[in-house]
There are 2 protein chains.
Amino acid sequence: MAKFTTPHGTVTTPMFMPVGTQGTVKGISPQELLEIGSQMILGNTYHLMLRPGEQLVAAHGGLPGFTAYPGPFLTDSGGFQVMSLGHMRKISEQGVVFKSHLDGSLVELTPERSIEVQQALGADVIMAFDECPPFPAEREYITRSLERTVRWLERCMTFKSREDQALFAIVQGGIHPDLRQQSLDLTLPFATPGFAIGGLAVGESKEEMYPAVEFTTARLPTDKPRYLMGVGHPEDLVAGIALGVDMFDCVYPTRTGRFGYALTDDGRLNMNSSAPRRDLRPIDEDCDCYACRHYTRAYLAHLVRAEELLAPRMLSLHNLRYLHRLVERARAAISAQTFDVWAREWGQRYFRGELPQWFAASLDASSARQTPVPTSISSRG
Amino acid sequence: MAKFTTPHGTVTTPMFMPVGTQGTVKGISPQELLEIGSQMILGNTYHLMLRPGEQLVAAHGGLPGFTAYPGPFLTDSGGFQVMSLGHMRKISEQGVVFKSHLDGSLVELTPERSIEVQQALGADVIMAFDECPPFPAEREYITRSLERTVRWLERCMTFKSREDQALFAIVQGGIHPDLRQQSLDLTLPFATPGFAIGGLAVGESKEEMYPAVEFTTARLPTDKPRYLMGVGHPEDLVAGIALGVDMFDCVYPTRTGRFGYALTDDGRLNMNSSAPRRDLRPIDEDCDCYACRHYTRAYLAHLVRAEELLAPRMLSLHNLRYLHRLVERARAAISAQTFDVWAREWGQRYFRGELPQWFAASLDASSARQTPVPTSISSRG
């Protein structure tokens with residue numbers, strides 16, 4: 001557990017970051033984000049550079065002015081989404097040329113351009129432009145790619161001119177320990193104010209992913225934030241925190257909310273099913289979100305069936321609050337030095353008595369290590 | 001201007017009622033409704049009886065418990081929506097048999113059943129089950145229909161057992177003064193605690209509608225609320241208030257918001273157009289809604305283009321606040337005995353200097369009459 005200072009406020013880790021892809025966390029107002037305990041919001045460079053364009057965001061004073069969320073932001077580099085959303089990508093040492101998914105226009109994204117856009121967007125934490133190989137990928141491809149990612153990191157750091165943004169490097173290497181080690185060996189010397197664990201949650205199994213997380217977090221400095229990119233199911237937060245992850249982001253809580261699912265300690269509640277339709281209980285008796293304080297499951301299930309706008313809004317709000325509260329509970333357990341007991345009890349209930357091997361192994365790795373020491377970090381780059 | 005007391009609070013007329021068709025004002029939370037000055041919310045008997053069923057609403061203690069809006073509600077009788085949404089309607093003296101638009105099942109709605117459902121929904125104001133003829137309709141049909149509506153009113157009043165709900169009668173007669181007079185002559189003796197003007201805004205022109213409004217409001221008691229059903233564009237509120245209307249409802253502010261339009265004193269702003277995309281002003285400098293206090297037109301136009309959930313939410317919120325504020329301004333002008341001047345100035349700006357004939361005529365009729373006297377009314381039936 002640590003404090004982490006940014007120009008827009010201090011955040012406490014471990015933390016979960018809601019995703020505001022296009023400059024809005026889908027359906028949720030900034031006031032609500034503050035009320036449910038959001039600390040830092042993620043913005044997507046790829047989406048925002050294409051629409052509305054980073055200059056318009058800059059004309060608002062950056063993402064806080066544009067989106068009206070007054071706290072810290074983090075932007076990704078655009079690299080991952082170019083790979084997953086751009087069409088007809090051509091990757092070279094220079095960067096990536098792709099066709100916009102919006103209008104088919106040809107767009108180039110390079111380390112320099114990514115930093116230029118991220119400087120215009122004005123987030124507190126910005127990410128180095130990296131190449132994230134798909135899963136599965138050949139070892140040689142992953143090797144070439146991680147080496148290039150390090151050269152791109154160097155170009156990002158050279159180009160970067162804003163002193164008030166912290167640039168995080170991204171460690172790649174897929175699920176291979178030796179390649180992770182190679183990426184760490186090449187990346188750590190840059191001593192960026194934080195490090196991300198990239199290239200995971202791209203299709204591999206949890207049994208393959210978690211050993212790679214464990215391998216990487218164990219070798220990252222403990223006095224700098226460790227950010228596991230694109231990960232954020234409830235069980236991932238608990239296992240990831242056990243392994244020393246400080247920052248998470250994922251579209252899962254809002255996306256699954258739009259699909260009619262509510263997160264609870266007992267697993268995911270399907271509000272599309274018939275079970276909640278006459279249930280006068282809230283989603284979660286222990287939850288303090290607006291939906292749980294005001295609505296029954298029956299009412300929310302009615303909204304889902306009736307395809308009312310309030311349904312995705314309220315389920316997204318609840319799900320975000322659930323993840324924030326989960327991390328708050330983990331932090332409290334860390335402070336009380338009871339994290340291991342808490343995490344096992346949480347897992348027993350969530351998985352109905354049968355902890356998956358990867359989850360149990362993550363907790364075992366945690367209890368074998370010492371409890372994370374609170375540290376204080378500044379994002380000033 | 002008047003106060004109007006209900007079991008869930010006192011409301012001040014004239015007022016605009018947001019429409020919560022399926023037990024939710026689309027996209028807006030009850031907390032927001034209270035913040036923007038909503039006083040009474042309309043629920044639709046037709047929709048709620050079909051889904052989720054009035055018994056589930058009753059199990060929540062009625063609409064306030066179900067929807068978490070703690071203030072007064074009004075429910076319509078279901079009659080109008082059976083006509084517009086039900087399939088294969090068969091209208092008889094007994095009532096209406098129709099096929100549900102949801103599952104095609106045969107449903108009967110009678111005066112007694114309408115009151116039974118409305119008693120279960122538990123609104124503070126409930127409406128008599130009426131027949132609303134389409135436009136255009138034959139004089140004989142309108143005559144037969146308004147006579148039947150009076151017989152149905154009598155059956156509603158006989159069946160009604162809850163003392164805490166106020167039943168409003170509905171005056172019909174289309175756009176024909178003599179038929180309006182006939183409906184008034186038959187309806188007024190029932191001395192219900194409020195009267196609605198029905199059968200308008202069903203396809204006739206404003207030039208046809210407003211004389212019928214004027215004719216009716218001039219003959220309704222001034223010490224009871226006069227409710228113009230289903231009407232609520234900004235210009236309708238100003239003209240209707242001039243003619244003595246106390247209550248309005250309309251889906252317009254939320255529907256046009258979902259379509260990307262924002263209401264202002266200068267007319268409707270199209271947020272889908274290119275004009276607002278680089279405009280750093282709020283929708284309305286004078287508006288105190290969340291959207292106007294936090295967002296530029298450029299940001300909101302971005303949300304509309306990106307089809308983000310926050311777009312319909314924020315535009316609906318602004319539009320509802322615009323109508324509530326418009327009515328507040330009208331009330332302030334009535335109190336200051338400057339309504340006529342205020343309404344003409346508002347119209348000059350809104351219509352860009354050219355008042356439509358029906359609007360000018362409504363204001364002329366207003367200034368020829370005396371200013372409405374504040375009254376106090378109880379909804380207890």
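The values are calculated or read from the model by the stated rules, or taken from the named source; none is laboratory data. Since this is a predicted model, take the numbers as computed values, not measurements. Here the Cβ is made from the backbone with ideal geometry for all residues, glycine too, and neighbour counts use every protein chain on show. When the accessible area is computed, the model is the full protein with side chains, heavy atoms only, and any ligands, DNA or RNA have been set aside. Shrake-Rupley method; radii C 1.70, N 1.55, O 1.52, S 1.80 Å.
General observations
- B:L34 - accessible surface, heavy atoms, 1.4 Å probe, Å² rounded to 10: 90
- Packing, as the average of other Cβ atoms within 10 Å across residues, places the peptides B:311-319, B:347-355 in the order B:311-319, B:347-355, highest first.
- Annotation note: GluC sites (Glu not before Pro) in the range B:39-123 located in DSSP loop regions with a Cβ neighbour count of at most 11 within 10 Å are B:E93.
- Cα→Cβ-extended label distance, 7 Å offset, between B:L280 and A:A218, nm: 5.2
- Degrees between helix B:177-187 axis and first principal axis of chain B (Cα, 0 to 90, nearest 10): 60
- Cβ neighbours within 10 Å from other chains - mean over B:310-316: 4
- Scalar couplings 3J(HN,Hα) for the range B:261-271, obtained by applying the Karplus form with A = 6.51, B = -1.76, C = 1.60 to θ = phi - 60°, are 10, 10, 7, 9, 5, 9, x, 8, 8, 8, 7 Hz; x denotes Gly and Pro.
- Positive-end ranking of B:Y141, B:S114, B:P193 along the dipole of the range B:107-234, with charges on Cβ about the Cα centre, is headed by B:P193.
- Sorting A:M157, B:M83 on solvent-accessible area from highest to lowest, probe radius 1.4 Å, gives A:M157, B:M83.
- Inter-chain Cβ neighbour average for residues A:297-309, partner chain, 10 Å: 5
- Of B:V245, B:V171, B:V202, the one that fluctuates the most in a GNM where chain B has Cα springs shorter than 10 Å: B:V202
- Sequence-separation-based contact order of chain A, relative, with Cα cut under 8 Å and 6+ spacing, percent: 19
- Per residue, the range B:2-250 exposes 32 Å² of accessible surface when a 1.4 Å probe is rolled over the protein heavy atoms with every protein chain present.
- Taking the Cα centre of the protein assembly as shown as reference, the dipole from Cβ charges on Lys and Arg (+1) and Asp and Glu (-1) amounts to some 80 debye.
- Eligible lysines near A:K3 by straight Cα distance, threshold 24 Å, same-chain separation 8 or greater: A:K224
- For the range A:256-321, relative contact order (Cα pairs under 8 Å, six or more residues apart, normalised by length) works out to 40 percent.
- The simple Förster model, with R0 at 60 Å and r as the Cβ-Cβ distance, assigns B:T12 and A:S84 a FRET efficiency of 0.65.
- A convex hull fitted around the alpha carbon atoms of the protein assembly as shown yields 167 Å³ per residue.
- Mean per-residue shielding of peptide B:253-262 is 0, counting Cβ atoms of other chains within 10 Å of each Cβ.
- Taken across both chains, chains B and A shield about 3400 Å² of accessible surface from a 1.4 Å probe.
- Distances between copies at B:E93, taken between label points 7 Å from Cα along the C-beta direction, are 9.5 nm in increasing order.
- Furthest towards positive pole of dipole, B:M271, B:A291, B:V304, structure part the range B:256-321, Cβ charges: B:V304
- Accessible-area loss of 30 Å² or more (1.4 Å probe, protein heavy atoms, chain alone versus all protein chains) is found in the range A:53-72 for A:L56, A:H60, A:F66, A:A68.
- Within the accessible surface of the range B:256-321, defined with a 1.4 Å probe on protein heavy atoms only, the carbon and sulfur portion equals 42 percent.
- When the range B:134-253 is described by a simple charge dipole with +1 on each Lys and Arg Cβ and -1 on each Asp and Glu Cβ, the residue from B:Q181, B:T158, B:T217 located farthest towards its positive end is B:T158.
- Annotation for A:E207 and B:R349: the two label points, set 7 Å from Cα along the Cα-Cβ direction, are 6.9 nm apart.
- Spacing of the modelled spin labels on A:F190 and B:L34, each 7 Å from Cα toward Cβ, amounts to 5.0 nm.
- Each residue of the range B:88-102 is assigned a 3J(HN,Hα), and the resulting list reads 6, 5, 10, 9, 9, 4, 5, x, 10, 10, 8, 9, 4, 6, 8 Hz, derived from the Karplus form 6.51 cos²θ - 1.76 cosθ + 1.60 (θ = phi - 60°), x at Gly and Pro.
- Degrees separating the helix B:310-335 axis from the principal Cα axis of chain B, which is the longest one: 80
- On a per residue basis, the range A:256-321 carries 37 Å² of accessible surface, using protein heavy atoms and a 1.4 Å probe.
- Per-residue surface analysis assigns A:D279 an accessible area of about 20 Å², computed on protein heavy atoms at 1.4 Å probe radius.
- The candidates B:E163, B:E208, arranged from most to least accessible area with a 1.4 Å probe in the full protein assembly, appear as B:E163, B:E208.
- Rounded to the nearest 10 Å², the accessible area of B:K3 at probe 1.4 Å: 100
- Apportionment of accessible area to carbon and sulfur, the range A:2-250, percent (1.4 Å): 53
- Computed 3J(HN,Hα) for the range A:104-111, one whole-Hz value per residue from the Karplus formula 6.51 cos²θ - 1.76 cosθ + 1.60 where θ = phi - 60°, is x, 5, 7, 10, 10, 10, 10, x, glycine and proline marked x.
- Efficiency of FRET between B:E93 and B:Q55 - r from beta-carbon atoms, R0 35 angstrom, step 0.05: 0.80
- Starting from the label point of A:D279 at 7 Å along Cα→Cβ, the same points in the other copies fall at 4.6 nm, in ascending order.
- Between copies, the label points at A:D164 (set 7 angstrom from Cα along Cα-to-Cβ) are spaced 5.5 nm, reported in nanometres from shortest to longest.
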